[in-house]
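First up is the structure itself, then whatever we jot down about it.
None of the figures in this text is laboratory data; all of them are computed from the coordinates on show. Since this is a predicted model, take the numbers as computed values, not measurements. Here Cβ is always computed from backbone atoms with ideal geometry, including for glycine, and neighbour counts include all displayed protein chains.
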Amino acid sequence: MKKPIVFSLVREQSVFMTAIMALLTFLATLALGVALGIGTGVIRWNTQWEHFATVQVMDSTKYDAVTQTLKSNADKIVSAAEISTDQMRDLMSPWISGGGTLENYLPKMWEVKFKSKSDLTTVGEQLSKNARFLTHASALKSSTSAGWKMIFIAGLVMALTLGTIGICISYIARNTAMLHKRELEILNQIGASDHFVARQMQIIVAKISATAAFVGFLGAIPVLLLILSAAKSARVGLMAMLGISGGGWLTLTMLPIIITIFAIWITRRTTLNILKNS
């Protein structure tokens, strides 16, 4: 036979706790999803460009030496595309206008893709003697740094959200204990242990937390998908690389469960502390 709950939250408490837990789960899921999406984007961004470099010849007398170096290391290079003057003019036209005189100031440039990082380092040392060698990874380091900062901010928001959940549950547990002080005294008189009383509170909080976490999670997923879709539609830069892997979605799915377990643990700890000090 199922044992009845000795006492329960009043209606106002139940409504408040369900609403606040759903909202906080929504925020936590959104923050974690954004952090995972940006993290995936940063990894993809670095992987995409880690084998690329740009070679710039500022002194025309060293053009032949650079060309020879590229040819002698052809076995280490996937592709070496020289950027033509017309392409350079198109790239620079928004900032520089000078007609034919522009050609006198443009460097000779190659975009080179290497087979491995070690090949990039080896050939880069040779090319640096006669040209400016700039890896795409180092040139785009600011974008990567901005990505990690956004991940930190999203992680901080999630941590603050979980902390808020703990504070709210702790407050509700204390308030409930005060409202049912008479019932607790009777339970103590008939020999009920503190763990039995704490278990009553845990059952109540578990039901509310599980429902609220599920609702908050379902509400956050469409918003998260909308953010990822908007990022991909940019089709340029780090934002276009955002995405969540299968492992990331599994982590997101586990978050409501973790929040519910966290709420139950906070409830037990708070209730036992109240009973010991009463």
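Brief remarks on what is shown
- Relative exposure of LEU156, LEU252, LEU32, LEU272, judged by other C-beta atoms within 10 Å (fewest first): LEU156, LEU272, LEU252, LEU32
- Length added when fully stretched, TRP265-ALA206, from 0.36 nm per residue minus Cα-Cα: 20.3 nm
- Scanning residues 5 or more positions from LYS108 or on other chains, those with amide H under 5 Å from its amide H are VAL57, with H placed 1.01 Å from N in the peptide plane.
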